[in-house]
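Please read the structure below before turning to the comments.
The numbers here are math on the coordinates, done by the rules we state, and not lab data. What you see is a predicted model; the values in this text were computed from it and never measured. Here the Cβ positions follow ideal geometry from the backbone for every residue, glycine too, while neighbour counts run over all protein chains shown.
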Ligand code: UDP
């Protein structure tokens with residue numbers, strides 16, 4: 001069965017026919033995605049699925065990853081943090097590394113990028129490539145996955161000089177859009193229902209994976225899956241768990257995450273989390289390898305409630321993944337989580353550990369409500385956040401830029 005036929009089984013054949021129709025004017029065209037890592041984090045997650053799908057639709061698609069040293073990733077992590085609101089200037093040597101690394105990567109990528117009909121540049125890391133490809137013939141799109149609603153102005157001003165010459169930019173939410181001299185499109189991300197991370201699992205597999213991590217399936221479980229990043233507020237989740245546990249003594253918490261190759265802060269934050277979790281055998285801090293898709297799937301399915309207590313969040317694919325599994329989500333009242341967690345319907349939006357603890361207690365005491373919210377969560381994802389909808393919007397954008 002072709003990939004498209006497999007999707008048709010989940011979404012219905014009309015959705016696939018529409019994609020094929022939209023792709024007509026794009027047949028044989030060359031599309032290149034550029035990002036900064038092939039594994040870890042939401043961008044890699046999406047591209048891993050999007051690329052084979054656009055290939056099957058007849059678009060000649062390539063995915064390139066830029067390489068850099070520790071100064072470069074320190075700089076781009078700093079950009080990420082400051083675009084999400086931290087107010088820390090980036091040192092000159094880091095900015096020099098940013099430009100030098102983009103120049104170095106441009107040497108390798110220039111022939112591919114200049115020949116492409118469409119180039120999608122993901123996030124700030126490779127954003128300077130456009131200025132380094134003077135003979136480009138295609139349309140270039142800057143795809144910002146970050147919660148840029150309150151960027152630290154000096155850093156945005158610096159980055160903006162590289163982004164302004166693009167033909168279009170794409171943000172996940174209206175609140176993230178910036179003043180730019182080109183059209184901006186709002187396209188939220190998506191999940192792949194056929195991915196190992198999201199397919200149905202039998203009870204046996206879930207039980208085996210829980211056993212492996214010594215999780216007791218007879219007791220209530222809350223789970224947050226995230227990179228160890230302060231914006232994901234793992235320590236706040238531990239506080240919420242502790243507050244809720246006073247009333248639910250059997251409560252267990254899983255904080256599972258892996259590093260992302262482009263995230264140098266992970267280890268420090270993991271240490272903070274381990275310190276905060278000390279001496280509690282019911283807190284499972286799991287460091288997962290990047291290919292632990294089945295484990296993530298099983299943990300999300302084993303959870304009674306999934307938590308994503310982020311303080312800033314571009315979109316929050318972990319929220320989508322959990323909702324697709326019929327779980328209500330208690331999420332931070334920020335960024336893309338607001339698009340998915342419809343307060344009191346598909347979960348709860350919270351601002352503090354106290355708020356999260358209150359909602360955890362409520363849902364674990366009201367099982368009917370929990371089930372009902374979980375069902376609504378799944379329906380919301382089916383209607384809005386599957387890869388087929390995402391792809392349709394990218395194709396529409398490409399067709400619009402052809403004219
Ligand atoms: N993820 C994973 N293993 C981990 C942590 C995260 O596979 O240990 C995945 C997670 O399931 C999701 C993506 O990485 O698909 C994270 O995307 P999200 O938008 O939630 O956050 P980001 O990391 O991009 O800020």
Taking N as its residue count, the alpha carbon Rg of region 87-135 over 2.2 N^0.38 Å: 1.26
Expressed as cubic angstrom per residue, what is the convex hull volume of the alpha carbon set of region 214-345? 106
Fewest-first ranking of 268, 329, using other Cβ atoms within 10 Å as the exposure measure: 268, 329
With 10 Å bins from zero, work out the P(r) of region 237-310 over every alpha carbon pair and list the percent per bin. 16, 49, 31, 4
On a 0 to 90 degree scale, rounded to 10, what angle separates helix 92-115 from the longest Cα axis of the chain? 60
Given the options 123, 263, 211, state which has the largest fluctuation in a GNM of the chain using a 10 Å cut-off (strictly under) for Cα springs. 211
In degrees, nearest 10, the alpha-carbon axis of helix 13-23 is tilted away from the dominant principal axis of the alpha carbons of the chain by 30
Label point distance in nm, residue 150-residue 246, each placed 7 Å from Cα along Cα→Cβ: 2.9
What value does region 324-400 have for Rg/Rh, both radii from Cα atoms and Rh as Kirkwood defines it? 1.11
Between residue 135 and residue 174, what's the calculated FRET efficiency when r is the beta-carbon distance and R0 is 30 Å? Round to 0.05. 0.30
Which whole-number percent gives the relative contact order of the chain, counting Cα pairs below 8 Å spaced six or more residues apart? 16
Taking 275, 11 and counting other beta carbon atoms within 10 angstrom, the fewest-first order is 275, 11
Out of every Cα-Cα pair in region 139-280, what percent are more than 28 Å apart? 42
Ellipsoid semi-axes in whole angstrom, largest first, where each is sqrt(5λ) of the Cα gyration tensor of region 1-119: 35, 18, 11
Roughly what would the spin-label model give for residue 345 and residue 368, points 7 Å off Cα along C-beta, in nm? 2.1
Once the mean 1/r over all distinct Cα pairs of region 76-158 is inverted, what Kirkwood radius in angstroms do you read off? 13.5
Based on the Kirkwood radius over alpha-carbon pairs, what is the Stokes-Einstein translational diffusion coefficient of region 36-103 at 20 °C with 1.002 mPa s viscosity, in µm²/s? 155
Let me have the relative contact order for region 298-403, percent, based on Cα pairs under 8 Å that are six or more residues apart. 25
Given a Förster distance of 30 Å, the FRET efficiency implied by the Cβ-Cβ spacing of residue 1 and residue 99, rounded to the nearest 0.05, works out to 0.05
What is the log10 of I(q)/I(0) for region 363-403, computed with the Debye formula using one identical point scatterer on each Cα and no solvent, at q = 0.23 Å⁻¹? -0.74
Taking the 0 to 90 degree range and rounding to the nearest ten, how far is the long axis of helix 387-402 tilted relative to the main principal axis of the chain, both from C-alpha atoms? 20
At a 10 Å Cβ-Cβ cut-off, how would you order 247, 241, 158, fewest neighbours first? 247, 158, 241
Under the definition of Cα pairs under 8 Å and six or more residues apart, what whole-number percent is the relative contact order of region 132-207? 27
Calculated FRET value between residue 182 and residue 214, using beta carbons and R₀ = 56 Å, to 0.05: 0.60
Give me the percent of DSSP beta bridges within region 245-382 that run antiparallel, rounded to the nearest 5. 0
Need the C-alpha centroid separation for region 55-76 versus region 341-368, integer Å. 38
What per residue convex hull volume, in Å³, do the alpha-carbon atoms of the chain yield? 132
